[in-house]
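Chemist: Got a structure here, written out as structure tokens. Questions coming.
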């Protein structure tokens, strides 16, 4: 009975990780259509073939960098630099058998901080809103990495067949 | 007997994931030597120490951006933005116990779309070839993320010792 | 008894992977505070809101690219392009049941090569120091990918409950 409880608890942590990892990865992926939207509305493209249907005299002008496009791209880059480490460290952390409530606190704080970070970055909110949300996300990942590295943790893996 | 079948089926999905994940990651990594090749042949470098053996009067000219180099780098960046989400979501998807045939369809469509995307990008093929291959890859990842998020899936993990 | 030995051996490989994956991901994450440090000391920012507390006449001048900042950013980008593939391929490799000593060799060579790469990049050491450390890291990842792709490997997963 005790064993079953363990399975279920670990399962819950891994399920929670799956959910939050999928959410932050999807959030990151949405930066690509957002970049496309700003490229189209601001008329700022990066490749010759992207403007080949425009009149010849306009083409040169459309191959340029626009501040709004660059802002979204910097936000996307910041996501790559922070969300992927979270997913990698979070996977190892989830396999180290943390308490469900502690794990959920980590996952939710990170997810919230990154959603706010995007709003602060794309909306150009006054600092230190963006800086603080970036730092909070980093601290969550550092906290999980500390657990992965510091204790000789036991790797729990979930085995749930037909249940 | 039923149980054995389950193990094997799940094993197959995870094996398939391993293979296609390794292929797309290797494809992404090959963009780095390709960038190096274009930097050398086009004479366009980013760091002082990379041109220190050239004659002093040439050095300044070689520290520049070349359109061909920038094109390969944008393609590499697009890979980072799309292939890594595929690998993360694909791992969670593979552990959610999908049908092997459905999983293979996802993995193969994604792999094919990204190989074509690279050809379209580096070869500067007319649009919408690059745009459509990028979109197909995204849709595959979204489809897997939908399964990970939508159903209270059971995480299957493969345990195959001495077999 | 044999079975227990197998569990333990595989556990060791996965534990080793967790440790080295966490180390290289943390190393990569430290590039962000290092970028922030160079932005502050060199006075080179990317966003209007980052310089809004400075005197109005200085603001324009602070929104610029500085060679030292760009160098750290290129190093960070190179980490993204190399460390994340290592983590993905390394995870699949660790699950393929390699010898612990072989696995440790791979993980340690990669970790050492990337730490040296950062020193060579940020310190602008003469080439080919940076080029060789980059190549060594790539070769390690290719070697692991070869194993993942070449043999019909058995996926070992660790199951350690209450131990």
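The values are calculated or read from the model by the stated rules, or taken from the named source; none is laboratory data. Values in this document were obtained by computation on a predicted structure and should not be read as measured data. Don't worry about glycine lacking a Cβ; one is built from the backbone with ideal geometry, like all the others, and counts go over all protein chains shown.
Chemist: Got at least one residue in the stretch A:75-91 being within 25 Å of residue C:31 (Cβ to Cβ) and outside any helix (DSSP H, G or I)?
Modeler: no
Chemist: Let me ask something else. In this structure, does residue C:59 turn out to be free of Cβ contacts under 8 Å to residues at least 40 places away in the same chain, more than 9 Å from chain A (Cβ to nearest Cβ), in a helix (DSSP H, G or I) and surrounded by 16 or more Cβ atoms within 10 Å (Cβ to Cβ)?
Modeler: Values: free of Cβ contacts under 8 Å to residues at least 40 places away in the same chain: yes; more than 9 Å from chain A (Cβ to nearest Cβ): yes; in a helix (DSSP H, G or I): yes; surrounded by 16 or more Cβ atoms within 10 Å (Cβ to Cβ): no.
In short, no.
Chemist: Separate question: Among the residues of the stretch C:75-104, which ones are farther than 24 Å from residue B:19 by Cβ and free of Cβ contacts under 8 Å to residues at least 24 places away in the same chain?
Modeler: Answer for the stretch C:75-104, where residues must be farther than 24 Å from residue B:19 by Cβ and free of Cβ contacts under 8 Å to residues at least 24 places away in the same chain: C:77, C:101.
Chemist: Can you tell me which residue among C:14, C:45 is part of a helix (DSSP H, G or I) and touching a residue at least 12 places away in the same chain (Cβ under 8 Å)?
Modeler: Of C:14, C:45, the one residue that is part of a helix (DSSP H, G or I) and touching a residue at least 12 places away in the same chain (Cβ under 8 Å) is C:14.
Chemist: Could you list, in sequence order, the residues of the stretch C:47-56 that are within 14 Å of chain A (Cβ to nearest Cβ) and surrounded by fewer than 18 Cβ atoms within 10 Å (Cβ to Cβ)? Show your work before the answer.
Modeler: Step one: list which residues in the stretch C:47-56 are within 14 Å of chain A (Cβ to nearest Cβ), which gives C:47-54.
C:47, C:48, C:52, C:53, C:54 - these are the residues of the stretch C:47-56 that are within 14 Å of chain A (Cβ to nearest Cβ) and surrounded by fewer than 18 Cβ atoms within 10 Å (Cβ to Cβ).
Chemist: Taking the condition more than 8 Å from chain A (Cβ to nearest Cβ), within 15 Å of the chain's Cα centre (by Cα) and more than 30 Å from residue B:37 (Cβ to Cβ), does residue B:139 pass?
Modeler: So residue B:139 fits the description; yes.
Results for (1) modelled with pLDDT of 90 or more; (2) touching a strand residue (DSSP E or B) at 6+ places or on another chain (Cβ under 8 Å); (3) farther than 30 Å from residue A:47 by Cα, shown as yes or no for each residue.
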residue: B:95; (1), (2), (3): no, no, yes
residue: B:119; (1), (2), (3): yes, no, no
residue: B:142; (1), (2), (3): yes, no, no
residue: B:148; (1), (2), (3): yes, no, yes
residue: B:151; (1), (2), (3): no, no, yes
residue: B:160; (1), (2), (3): no, no, yes
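Every residue, every condition in (1) within 17 Å of the chain's Cα centre (by Cα); (2) closer than 23 Å to residue A:15 by Cα; (3) at the interface with chain C (Cβ under 10 Å from one of its Cβ atoms); (4) modelled with pLDDT of 95 or more, yes or no:
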position	(1), (2), (3), (4)
A:67	no, no, yes, no
A:81	yes, no, yes, yes
A:90	yes, yes, no, yes
A:99	no, yes, no, no
A:105	yes, yes, no, yes
A:109	yes, yes, no, yes
A:114	yes, yes, no, yes
A:125	no, no, yes, no
A:132	yes, no, no, yes
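Chemist: Then there's this: Just need a number here: residues in the stretch B:79-101 that are surrounded by 14 or more Cβ atoms within 10 Å (Cβ to Cβ) and over 19 Å from residue A:87 (Cα atoms).
Modeler: Total meeting the criteria: 3.
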